[in-house]
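Peer 1: Sharing a structure below in C-alpha cells format, with a few things to ask.
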Amino acid sequence: MLRLGSLEVALPAVQAALSGYSDRAMRVVARRRGAELCMAEVVLDKLVLLKGRLRDRMLALGPDDHPIGGQLMGAEPDQFGRAAAELVEHGYDLVDINFGCPVRKVLGRCRGGYLLTTPSVALDIVKSVLDRVGGRRPVTVKMRRGFDDSAESERNFFEIFDGAFDLGVASVTVHGRTVEQRYVGPSNRDFLKKVKGRAGDRVVLGSGDIFSPENVADVMGETGVDGVWIARGAIGNPFIFREARALLEGAPLPLPPSIAEQRRALEEHLALTAETHGADRAGIILRKVGIRYADLHPLRDEVRGVFIGVRTCADVEAVLQRWYDPAGEWPPVERRKVMDRVAAGALLEE
Ligand SMILES: Cc1cc2nc3c(=O)[nH]c(=O)nc-3n(C[C@H](O)[C@H](O)[C@H](O)COP(=O)(O)O)c2cc1C
C-alpha cells in the first residue's frame with residue numbers, strides 16, 4: 001500500500017511520467033495489465049493556462065484513467081501555482097512538480113532540473129502550488145539527485161527535499177542520476193538509501209533503472225523507498241505491472257506475455273492512440289512504441305525492423321497480421337532483457 005496524502009494505491013510501482021509516451025493510450029493499456037497510479041507527460045504551466053479547445057484536449061481524461069497524476073514544469077511561482085489549480089479543475093488526482101528535466105532548452109529557460117540550483121525559487125514554486133491546490137489534492141515533487149556531483153549540489157538537494165516536506169508535499173520521487181548525467185551511467189541506489197534513511201516516515205519514491213519486476217522489489221528492499229516509478233521499463237512492456245504486482249504480493253510470476261497477449265496490447269494501444277491523437281498520427285506514434293514492443297517478441301530483430309518501416313495505421317495492422325498471428329508457429333517467448341541494451345547506450349531519452 002502506498003499512501004500519498006489522501007490518495008492510497010495498492011501497487012507501489014507507478015507508471016512514470018514519460019514525455020512523448022505516457023499519454024492516455026500508454027496509461028490505459030498499462031492499467032488493464034495491473035498499473036494503478038499513472039503519471040501523465042509533463043506539461044508547461046503556461047500551456048495549461050492557455051484556455052481553449054486545444055488545452056482542454058491536451059488535459060482531457062477518461063473515466064478509465066484514474067488515479068492519475070498531472071505533472072507541471074515552469075519557472076515562475078505564481079504561474080506554476082495557477083496551472084496547478086487548473087489540473088485540479090480538470091480532474092487530476094495528484095499534482096506533481098518537475099525539478100528534474102535535463103533537456104538543454106528546458107534548463108536554458110530556468111525550468112525542470114535547473115531549479116535544483118536555486119532552492120529558494122524551487123521552494124517558492126512548491127509553496128505557490130500548495131497554496132493554490134489548497135489541500136484538494138496531494139502535491140508531490142519529482143527531482144534528480146542533484147544538478148551535478150558537487151557538495152553544493154547535494155546541499156541544494158536536501159534544502160529543497162526537506163523544505164518541500166516542511167511546506168506539506170505528500171511525497172518526493174528521486175531519480176538517482178544528476179541532471180548533468182542525463183541518462184549516462186547507472187542511477188545511484190546508495191543515494192536513494194541515504195535519502196530514505198533521512199526521510200524517516202516521509203514518503204519517498206525511487207526512480208532509475210527499473211526494468212523488471214525484480215528491479216522493483218530489489219530497489220524497494222535495498223533502499224527502503226516506499227515505491228518506485230517504472231519509466232523506460234514500461235515503454236512497450238505494459239505487462240511489467242502485472243509482474244511487479246505478483247512479485248510484491250508473493251504470488252508466482254506470470255508467464256511472459258504470449259504472442260496473442262502482445263497483439264491484444266498493441267491493438268488496444270493503436271485504437272486508443274487513434275482516439276486520442278487522431279487516426280492520421282496514430283501510425284507514426286505506433287512506430288516508436290512498436291519498436292519497443294518488439295523487445296518482447298521472440299523474433300525481436302525482424303519485428304523491430306518492420307516497425308521501423310511503419311507510417312500508417314494500415315502498416316501497423318499489416319505487422320500484426322504477419323508477426324503477431326496467435327495461430328502461427330513462434331519460438332517460445334522469454335522475459336524481456338533490456339539491461340544489456342541499456343548498458344550499450346540504447347533506450348536513452350529521445
Ligand atoms: C523519453 C523519456 C521521457 C521522460 N519524461 C519525463 C517527464 O515528463 N517527467 C518526469 O518527471 N520524468 C520524465 N522522464 C524521466 C523518467 O520518468 C525516469 O525518472 C527516468 O527515465 C529514470 O528511470 P529509468 O532509468 O527506469 O528509465 C522521462 C524519461 C524518458 C526516457
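The values are calculated or read from the model by the stated rules, or taken from the named source; none is laboratory data. Only a predicted model underlies this, so the values are computations on that prediction, with no experimental measurement involved. Backbone-built Cβ (ideal geometry, glycine too); neighbour counts: all protein chains shown.
Peer 1: Which of the following residues is over 12 Å from residue 71 (Cα atoms) and touching a Pro at 6+ places or on another chain (Cβ under 6 Å): 131, 149, 124, 93? Even if it seems obvious, please write down each step before you answer.
Peer 2: Numbers: 131 fails: touching a Pro at 6+ places or on another chain (Cβ under 6 Å); 149 fails: touching a Pro at 6+ places or on another chain (Cβ under 6 Å); 93 fails: over 12 Å from residue 71 (Cα atoms).
Criteria check complete, one pass: 124.
Peer 1: Could I ask something else about it? Hey, among 265, 199, which residue is closer than 20 Å to residue 145 by Cβ and over 18 Å from the mean Cα position of the chain (by Cα)? Spell out the reasoning first.
Peer 2: Working: 265 fails: closer than 20 Å to residue 145 by Cβ.
On inspection, the qualifying residue turns out to be 199.
Peer 1: Name the residue, out of 311, 336, 287, 281, that is modelled with pLDDT of 95 or more, in a loop (DSSP other than H, G, I, E, B) and not hydroxyl-bearing (Ser, Thr, Tyr). Before the answer, list the steps.
Peer 2: Values: 336 fails: modelled with pLDDT of 95 or more; 287 fails: in a loop (DSSP other than H, G, I, E, B); 281 fails: in a loop (DSSP other than H, G, I, E, B).
Just one listed residue meets the conditions, 311.
Peer 1: Among what's in segment 194-221 and is surrounded by fewer than 17 Cβ atoms within 10 Å (Cβ to Cβ) and more than 15 Å from the ligand (Cβ to nearest atom), pick the residue that is nearest to residue 256 (Cα to Cα).
Peer 2: It comes out as 221.
Peer 1: Related question: Listed residues 163, 168; which is at positive phi and touching a helix residue (DSSP H, G or I) at 6+ places or on another chain (Cβ under 8 Å)? Step through it out loud before you land on a result.
Peer 2: Details: 163 fails: at positive phi.
So the residue among 163, 168 that is at positive phi and touching a helix residue (DSSP H, G or I) at 6+ places or on another chain (Cβ under 8 Å) is 168.
Peer 1: Follow-up. Looking at segment 1-54, which of its residues are hydrophobic (A, V, I, L, M, F, W, C), over 19 Å from residue 83 (Cβ atoms) and surrounded by fewer than 20 Cβ atoms within 10 Å (Cβ to Cβ)? Steps first, answer last, please.
Peer 2: First, pick out the residues of segment 1-54 that are hydrophobic (A, V, I, L, M, F, W, C): 1-2, 4, 7, 9-11, 13-14, 16-18, 25-26, 28-30, 35, 37-40, 42-44, 47-50, 54.
Subsequent filtering for residues that are over 19 Å from residue 83 (Cβ atoms) retains 1-2, 4, 7, 9-11, 13-14, 16, 18, 25-26, 28-30, 35, 37-38.
1, 2, 7, 9, 10, listed by residue number.
Peer 1: To continue, here is another question. Test residue 174 against the criterion of being under 23 Å from residue 1 (Cα atoms) and touching a helix residue (DSSP H, G or I) at 6+ places or on another chain (Cβ under 6 Å), and give yes or no. It would help to see each step written out before you state the result.
Peer 2: Details: under 23 Å from residue 1 (Cα atoms): yes; touching a helix residue (DSSP H, G or I) at 6+ places or on another chain (Cβ under 6 Å): yes.
Answer is yes for this residue.
Residue-wise test of (1) assigned by TED's automatic domain parsing to the domain that holds residue 16; (2) within 16 Å of the ligand (Cβ to nearest atom); (3) over 30 Å from residue 4 (Cβ atoms).
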{"site": "265", "(1), (2), (3)": "no, no, no"}
{"site": "270", "(1), (2), (3)": "no, no, yes"}
{"site": "283", "(1), (2), (3)": "no, no, yes"}
{"site": "289", "(1), (2), (3)": "no, yes, no"}
{"site": "295", "(1), (2), (3)": "no, yes, yes"}
{"site": "317", "(1), (2), (3)": "no, no, yes"}
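Peer 1: Restricting to segment 177-192, give me the number of residues that are part of a loop (DSSP other than H, G, I, E, B) and out of contact with any helix residue (DSSP H, G or I) (no Cβ under 8 Å at 6 or more places or on another chain).
Peer 2: Here is the first cut: in segment 177-192, the residues part of a loop (DSSP other than H, G, I, E, B) are 177-188.
Applying the additional criterion that residues be out of contact with any helix residue (DSSP H, G or I) (no Cβ under 8 Å at 6 or more places or on another chain) yields 177, 180-188.
Going through segment 177-192 one residue at a time, the tally reaches 10.
Peer 1: While we're here: Please return the ranges of strands (runs of 3 or more DSSP E) entirely within segment 1-107 where 2 or more residues are away from the ligand (no atom under 15 Å from the Cβ).
Peer 2: Values: elements: 2-4, 7-9, 13-15, 38-44, 68-73, 94-99.
Output list reads 2-4, 7-9.
Peer 1: Whether any residue in segment 263-285 is of a type in the set (Lys, Arg), in contact (Cβ under 8 Å) with a residue 24 or more places away in the chain and under 17 Å from residue 328 (Cα atoms) is what I want to check. Full working, then the answer.
Peer 2: To start, the set of residues in segment 263-285 that are of a type in the set (Lys, Arg) comprises 263-264, 281.
With in contact (Cβ under 8 Å) with a residue 24 or more places away in the chain added as a condition, the list becomes 263.
In the following step, the residues that additionally are under 17 Å from residue 328 (Cα atoms) were identified as 263.
Checked against the condition, which is being of a type in the set (Lys, Arg), in contact (Cβ under 8 Å) with a residue 24 or more places away in the chain and under 17 Å from residue 328 (Cα atoms), segment 263-285 yields at least one hit.
Peer 1: I would also like to ask the following. Is it true that residue 185 is without any contact (Cβ under 8 Å) to a residue 12 or more places away in the chain, within 15 Å of the ligand (Cβ to nearest atom) and among the small types (Gly, Ala, Ser)?
Peer 2: On the way: without any contact (Cβ under 8 Å) to a residue 12 or more places away in the chain: yes; within 15 Å of the ligand (Cβ to nearest atom): yes; among the small types (Gly, Ala, Ser): yes.
For residue 185, the condition - without any contact (Cβ under 8 Å) to a residue 12 or more places away in the chain, within 15 Å of the ligand (Cβ to nearest atom) and among the small types (Gly, Ala, Ser) - is met.
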